[in-house]
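Data block below; observations after.
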Amino acid sequence: MAGIIVDDRPYQVDERENLLQACLSLGFNLPYFCWHPALGSVGACRQCAVKQFRNEQDRQGHLVMACMTPAADGTRISIEDPEAKTFRASVIEWMMANHPHDCPVCDEGGECHLQDMTVMTGHAYRRFRFNKRTFRNQDLGPFITHEMNRCIQCYRCVRLYRDYAGGRDFDAFGSRNHVYFGRHEDGTLENEFSGNLVEVCPTGVFDDKTLMPHYTRKWDLQTAPSVCAHCSLGCNTIAGERYGTLRRILNRYHNEVNGYFLCDRGRFGYGFVNSEERIRRPKSRPSRDGQTIPIDKDMILRELGPLLADKPSRIIGIGSPRASLESNFALRELVGPERFSLGLSVRDAGLNSIILDILRRGPAPSASIHDVEQADAVLILGEDLINTAPRLALAVRQSARQQPMEIVDKLGIPRWHDAAVREAAHARFGPLFIAAPYSSWFADIATETYHAAPDDLARLGFVVAHELDQAAPTASTVNPTIGSLAKRIAAVLGQAERPLVISGTACKSEAVIQSAANVAWALCKTGTPAKLCYCLPESNSLGLAMLGGKSLEEAFSIVKNGAADTVLILENDLYRRADALSGDAFLKTASKVIILDTLEHDTTAKADVLLPAGTFAESDGTLVNNEGRAQRFYQVFPAEADIQESWRWIRDLAVASGHPAQPNMTAWNTLDDVVLALSEAIPVFRRLAEAAPPEKFRMIGQKIPRQTHRFTGRTSMHAPLLMHEPKPVKDPDSPLAFSMEGYLGQPPSPLITHYWAPGWNSVQALNKFQSEVGGPLRQENPGVRLIESFGKRTVTYFTDAPKPFQALDHGWLILPWYQIFGTDELSARASAMAERIPGPTLMLHPEDAATLRFKAGERTELMLGNRSHRVPVKLDAAVPRGTAALTIVSDFTDAVLPAWSPLIRVAEP
Amino acid sequence: MLKLLKGIWLVFLHAFTRPVTIQYPDVKPYLPPRWRGRIILSRDPDGEERCVGCYLCSVACPVDCIALQATEDEHGRRYPAWFRINFSRCIFCGYCEEACPTYAIQLTTDFEMSEYDRRNLVYEKEDLLISGTGKYPGYNFYRVSGVQIGGKDKGEAEHEASPIDLRSLMP
Ligand code: SF4
Ligand code: SF4
Ligand code: SF4
Ligand code: SF4
Ligand code: FES
């Protein structure tokens, strides 16, 4: 701690911070632009000027940039000094000289940091009478708008895009007052984190293009804290609604998970909620070949009730890794644990539970994204992070800065001094080893990369583990290349202070997952506190593994044997989980197929009854992310007519059937009831209720409003339907209210619906919600980590190292090639995504292609799960010989991959 | 007694003063131009809708009786897709007019809006939009603003220099 004096009053601050950060943490309103807690200081905007005094006698003082001055002990500054204030107002005035008269048509208006800072400095009247500089804009693709006239040249965008996220197709161009931020030519921003420009740019240069078609000001959005549903990381988001449709996703700060940033899949994938293909009413299909007809809710419940009551033992429930814990549990209770299937194939369910088992067994604990950023040596085994867990890739890029920081520290450069730090580190990156079946641009900072088939990747893992600890089993017949690579990896990991091993389900290989565990365990055993991070396929994959249940194949065979004939499917498209033939057979054999889901898909096309389930925006629930952290997401807006949470539908079914097996279930009225039942029923969820405050929670007796205090149109928006303003809809499940009335201060962190503070309308009001700017939130409740393995020391290594991969003469091992845009089932249905989803492609090694006489762009025929497909071929030397990578988009799923298939060149007509 | 007579005398005198009551509706009263009556949406001097859908009127409205949805034409010009004022809630405070950065929304001298059915007091854009500029002739927001719209390229607004040529090597 350091003692500093601000305007003649003493304060204690952290001496590792700069004065700007320290002052903001103390609650002062000091304007700034270019500094960002995650990006550090460069002193580009000159906005944060304060007066610094040498000592008590010094009355003259001199202006310094607060963001470039360390908060050293004894520092005396004045924020209120007239000269400093005038200086700051002048800086704004200079920026405004060229600023366009755009606020009314600027998407940033009402949440603009420039507006806030202008008001804060007091600059009000324009004196500049000359012409304004103008720029032409660029078309930056489907996600981001560009309006360069509004730029104040703070350089935040380019620092985020290039320095932080590693993007290459964006830069600052020109000089003096002609500096331009954009691409070298019009075109889609390629970086997977481009959406963060929306929040990082303090002006309206970059805004959310998906918001524009239904543009709404921040004050008019009804918002709720949510959790991203599009991968297993569980980034925290704020989702906003207006007039019954979901309008945008913003980042919600979580110190240990996503910090300040989201990936573009998470930010722009929300459109499926508003999709034309939503199931909005209960429907039934009187004849299997016919159309569905809408049916009244009570009627369908009356019809299904007796069916469920008559033969409870003949019902099979199929859960889903994209449904909440509560909904899955409700289904499990309705049908009973013996007839509850996870909705995953034996293989996929197995992979998830191996990961769960490894994390539980220890000794290596699971890493949060924050832990990943702090790691100083990283080994990635089998994951293409940028596509399977994008935000994690961004964190790994930061981890690569950890080791060069030693040089920086030695030179005495404070870590927030971004320009100096990057200069000192000078494109040095810490150790990052990527072993994956194919390459992505993300490997540009890798120390070494190794591309091989999954079995060979696992073998590398085994050898590395053996290098670290001779007691760990190794692989047979190790070739010298792998041997020496493994030695180098082991040496680096062994010397690191906070090594990390990342792996996951992307290779669909048990051995890869196990070998990663062996490496981390070997490190732990030899005294290095290594952490493990696994990426799973979906938002609740780990939660479902904890719940436990039968595989899809078992469910199929139960129906096939005639032991059950009624199927209740929860938010799951079976054709993404199993091959089409067994899916068809299963759905055909079952006498009644009831599906609860949000969107129409191949499975719903075969359902006898469809019940409309709420999406993440229309329901509350808990998801367990890849590190085992249970996090609550909250309903954003009242769902239309018949749409309700899946667990409520299941409860209604239980009530309608007079459910004999589970009398408790019929008494479930609120989410808390389900959470309680779940935490009592299954020990691992004992602490589930701690993930979020219960419904009864109040701030000074009040609920927390989802609408801002300046929410507008209340007496007009419903007027054509109803002259008398309807009462706010009651929310029985959470302490949040669908209203603008309620507690206006800061609630505990899981309940923050939007960031706002007096004078701070932009997202940077977040500063006021943190106990220390850039640190944890006040009253932080980070969710509950349901798996902790600390303190366990015994290590039992996995022993089954696979044999080396053998290429076949006439077949190729087709591996799944996941795509950030297109693979995730839900976000792929968002209209904004369409342009970014690649077409189906098969990636092949050029030499393999040569033996087949393929040229790039030509099409090949391949056989998967008894079906033949034709896809264009792309050549890439990183693909291991004897394998080929198939994009998992549109109709292609990873259910039957990896699989061997011949490749036959299609003669184009 | 004297007081009483004085009162009667005064009343008598009043019989000869000019009446102040106006025989509305046969006689229309004078209303100053800044009278705050029925709200309209005006057009700019070029005949285009002035409203850009900025939501400032709706946020200024103390009774929240304005609701709208902004949209954009294919050339980037913003306008309200729909715009609704519930006059059964409006208190004619004029805050919306004061907040409007484009002079689009204006209060007029019309106050004769009685209806038997409250629902008829809900005015949609068709009911609000007039064909002229209203009280404020001359002003066209898009001629001042820096955004490009159909018929106005970058650099063509008032007080704008032509766009920077990024490929130029001149210092
Ligand atoms: S960037 Fe901010 S100040 Fe500039 S036009 Fe947009 S809202 Fe107004
Ligand atoms: S575009 Fe935005 S972030 Fe980039 S320099 Fe300009 S104002 Fe700053
Ligand atoms: S990384 Fe995953 S959880 Fe995070 S925003 Fe992207 S898709 Fe969502
Ligand atoms: S303030 Fe004016 S321009 Fe803005 S929405 Fe209202 S009427 Fe339209
Ligand atoms: S914030 Fe300090 S100079 Fe920009």
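The values are calculated or read from the model by the stated rules, or taken from the named source; none is laboratory data. Quick caveat: nothing in here was measured; it's all calculated off a predicted structure. Virtual Cβ from ideal backbone geometry, glycine too; neighbours counted across all protein chains shown. Note: accessible area is taken over every heavy atom of the protein model, side chains too, but ligands, DNA and RNA are not part of it. Shrake-Rupley method; radii C 1.70, N 1.55, O 1.52, S 1.80 Å.
Name the residues in region A:513-527 that are open to solvent by less than 10 Å² (accessible area, probe 1.4 Å) and more than 25 Å from the chain's Cα centre (by Cα), would you? Matches in region A:513-527: A:515, A:518, A:519, A:521, A:522, A:523.
Residues that are within 15 Å of ligand 1 (Cβ to nearest atom), at negative phi and open to solvent by 10 Å² or more (accessible area, probe 1.4 Å) within region A:129-153 comprise A:132, A:133, A:137, A:145, A:146, A:147, A:150, A:151, A:152, listed in sequence order. As for region A:179-189, it holds no residue that is within 21 Å of residue A:387 (Cα to Cα), more than 14 Å from chain B (Cβ to nearest Cβ), assigned to a helix (DSSP H, G or I) and open to solvent by less than 50 Å² (accessible area, probe 1.4 Å).
Return the residue satisfying two criteria in turn: it lies in region A:152-178 and is closer than 24 Å to residue A:394 by Cβ and part of a loop (DSSP other than H, G, I, E, B), and of such residues it is nearest to the other protein chains (Cβ to nearest Cβ). Among them, the one singled out is A:170. Let me spell it out: the conditions are (1) more than 10 Å from every other protein chain (Cβ to nearest Cβ); (2) farther than 15 Å from residue A:715 by Cα; (3) in contact with a Phe, Trp or Tyr (Cβ under 7 Å, 6 or more places away or on another chain), and residue B:53 meets all of them except one. Which number is the exception? Every condition holds for residue B:53 apart from (1).
Of all the residues in region B:58-68, those that are more than 7 Å from chain A (Cβ to nearest Cβ), open to solvent by 10 Å² or more (accessible area, probe 1.4 Å) and of a type outside the set (Gly, Ala, Ser) number 1.
Checking each residue in region A:72-103 for being within 14 Å of chain B (Cβ to nearest Cβ) and touching a Phe, Trp or Tyr at 6+ places or on another chain (Cβ under 7 Å) picks out only A:97. For region A:29-52, name all the residues that are surrounded by 18 or more Cβ atoms within 10 Å (Cβ to Cβ) and more than 16 Å from ligand 2 (Cβ to nearest atom). Correct list: A:30, A:49, A:50, A:51, A:52. The set of residues in region A:190-218 that are within 11 Å of chain B (Cβ to nearest Cβ) and among the hydroxyl-bearing types (Ser, Thr, Tyr) comprises A:215, A:216. If you check residue A:261 against the conditions, is it open to solvent by less than 10 Å² (accessible area, probe 1.4 Å), within 16 Å of ligand 2 (Cβ to nearest atom) and away from chain B (no Cβ under 14 Å)? It is true that residue A:261 is open to solvent by less than 10 Å² (accessible area, probe 1.4 Å), within 16 Å of ligand 2 (Cβ to nearest atom) and away from chain B (no Cβ under 14 Å). Residue count for region B:152-166 under the criterion of being part of a loop (DSSP other than H, G, I, E, B), more than 7 Å from chain A (Cβ to nearest Cβ) and touching a Phe, Trp or Tyr at 6+ places or on another chain (Cβ under 9 Å): the result is 1. Inside region A:737-788, residues that are part of a loop (DSSP other than H, G, I, E, B), β-branched (Val, Ile, Thr) and closer than 30 Å to residue A:33 by Cβ make up a count of 3. State whether one or more residues within region A:246-257 are away from ligand 5 (no atom under 16 Å from the Cβ) and closer than 19 Å to residue A:167 by Cβ. Checked against the condition, which is being away from ligand 5 (no atom under 16 Å from the Cβ) and closer than 19 Å to residue A:167 by Cβ, region A:246-257 yields at least one hit. For region A:267-278, the set of residues classified as within 22 Å of residue A:752 (Cα to Cα) and either open to solvent by 10 Å² or more (accessible area, probe 1.4 Å) or of a type in the set (Ser, Thr, Tyr) (or both) consists of A:270 only.
For (1) modelled with pLDDT under 95; (2) crowded, with 24+ Cβ neighbours inside 10 Å; (3) in contact with a strand residue (DSSP E or B) (Cβ under 9 Å, 6 or more places away or on another chain), each residue gets a yes or a no:
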{"residue": "A:625", "(1), (2), (3)": "no, yes, yes"}
{"residue": "A:643", "(1), (2), (3)": "no, no, yes"}
{"residue": "A:647", "(1), (2), (3)": "no, yes, yes"}
{"residue": "A:652", "(1), (2), (3)": "yes, no, yes"}
{"residue": "A:659", "(1), (2), (3)": "yes, no, no"}
{"residue": "A:663", "(1), (2), (3)": "yes, no, no"}
{"residue": "A:684", "(1), (2), (3)": "yes, no, no"}
{"residue": "A:690", "(1), (2), (3)": "yes, no, yes"}
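Taken together, A:73, A:8 contain a single residue that is more than 16 Å from ligand 4 (Cβ to nearest atom), on the phi > 0 side of the Ramachandran plot and open to solvent by 20 Å² or more (accessible area, probe 1.4 Å), which is A:8.
Residue B:43 meets the conditions (1) touching a residue at least 12 places away in the same chain (Cβ under 8 Å); (2) within 14 Å of chain A (Cβ to nearest Cβ); (3) of a type outside the set (Phe, Trp, Tyr); (4) open to solvent by less than 90 Å² (accessible area, probe 1.4 Å) in every case but one. The failed one is (2). Of the residues in region A:825-846, none is assigned to a loop (DSSP other than H, G, I, E, B), more than 30 Å from residue A:472 (Cα to Cα), without any contact (Cβ under 8 Å) to a residue 24 or more places away in the chain and out of contact with any strand residue (DSSP E or B) (no Cβ under 6 Å at 6 or more places or on another chain). Exactly one residue among A:71, A:44, A:22 is free of Cβ contacts under 8 Å to residues at least 60 places away in the same chain and within 14 Å of ligand 5 (Cβ to nearest atom), and that residue is A:22.
Scanning region A:777-806 for residues that are open to solvent by 50 Å² or more (accessible area, probe 1.4 Å) and touching a strand residue (DSSP E or B) at 6+ places or on another chain (Cβ under 8 Å) returns a single hit, A:778. Looking across region A:724-738 at every residue that is in contact with a Ser or Thr (Cβ under 7 Å, 6 or more places away or on another chain) and not charged (D, E, K, R), the one that is farthest from residue A:223 (Cα to Cα) is identified as A:732.
Selection of first residues in region A:741-756 that are more than 24 Å from residue B:64 (Cα to Cα) and of second residues that are among the polar types (S, T, N, Q) and open to solvent by 20 Å² or more (accessible area, probe 1.4 Å), restricted to Cβ pairs under 7 Å at least 6 apart or on distinct chains, gives the following pairs, ordered by first then second residue: A:748/A:779; A:748/A:781; A:749/A:779; A:749/A:781; A:750/A:781.
In summary, helices (runs of 4 or more DSSP H) completely within region A:322-429 and bearing 2 or more residues that are modelled with pLDDT under 95 and assigned by TED's automatic domain parsing to the domain that holds residue A:540 occur at A:325-335, A:346-361. With respect to the conditions (1) open to solvent by less than 20 Å² (accessible area, probe 1.4 Å); (2) part of a loop (DSSP other than H, G, I, E, B); (3) more than 8 Å from every other protein chain (Cβ to nearest Cβ), residue B:142 falls short on a single one, namely (2). Among the residues of region B:76-83, not a single one is surrounded by fewer than 18 Cβ atoms within 10 Å (Cβ to Cβ), away from chain A (no Cβ under 13 Å) and among the aromatic types (Phe, Trp, Tyr). Exactly one residue out of B:15, B:70, B:104 is free of Cβ contacts under 8 Å to residues at least 24 places away in the same chain, under 24 Å from residue A:104 (Cα atoms) and of a type in the set (A, V, I, L, M), and it is B:70.
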